[in-house]
Amino acid sequence: MCKRSSGTTTTMLSAQISSGKPLETIRLILDVDADRKITANVDRDYRLNPWPDQHGLRYTVFLGVNITTALRDNSKGRGAIRYLPGPSGSAKVRVDSLLIPLAEINKRPSEKLRLAYWGQSPRPALIGNSVGYLGNGDYFAFHLPWDRFHEVTLADRADALDIKAIPDGRDDEAPPRKE
């Protein structure tokens, strides 16, 4: 179990390794029941590359306010962070891909959920989010206000996505450690 309190975070929730260097990471927080608050054993926090030696998709389940399970690696989903060439060979652009099966979050097409995205990049040093939160300097995904999450109605349509086309970062090599 991982617990945080206002003003402090455990190392588990930090997007930095012990040397203080930021990771190339994202978080997608799901308010699965769309009630604008944390619901124990329902809401989830999906993460790509949460630690230098843990690549690909991981998640935690909220157990209450400021309490989550430890990171789990048994998601049936997949995801990765990639840099792809921009238009006409311009500078590369970052593409964050996530695929989360609806069955994994106990949802069906036409149901609603709420979500927020938070991402961090070390070069250039950037932190961004989808809800317009402006933190003072470094801030983390748990700072994002749940009342600003985006409401999404899940589409009811035939499978049109080739699941294997979504990269699975669990197969990525870990960067070499610098001593």
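Read-outs: derived from the displayed coordinates by stated rules, not from any lab. Source: prediction; values computed, not measured. Please note: Cβ atoms are built from the backbone with ideal geometry, for glycine as well, and neighbour counts cover all protein chains shown.
Computed about the Cα centre, the dipole magnitude for the stretch 37-81 is approximately 140 debye when only Lys and Arg (+1) and Asp and Glu (-1) carry charge, each at its Cβ. Counting only aspartates and glutamates at least 8 places from Lys37 when in the same chain, those with an alpha carbon closer than 16 Å to its own are Asp45, Asp147, Glu151. For Val95 and Val152, the FRET efficiency from 1/(1 + (r/R0)^6), where r spans their Cβ atoms and R0 equals 22 Å, is about 0.65. Extension gain, Glu104-Asp162: 0.36 nm per intervening residue step, less the Cα-Cα distance, totals 19.1 nm.
Pairs spanning more than 30 Å between alpha-carbon atoms, out of Lys92/Lys112; Lys92/Lys164; Lys76/Lys112: Lys92/Lys112.
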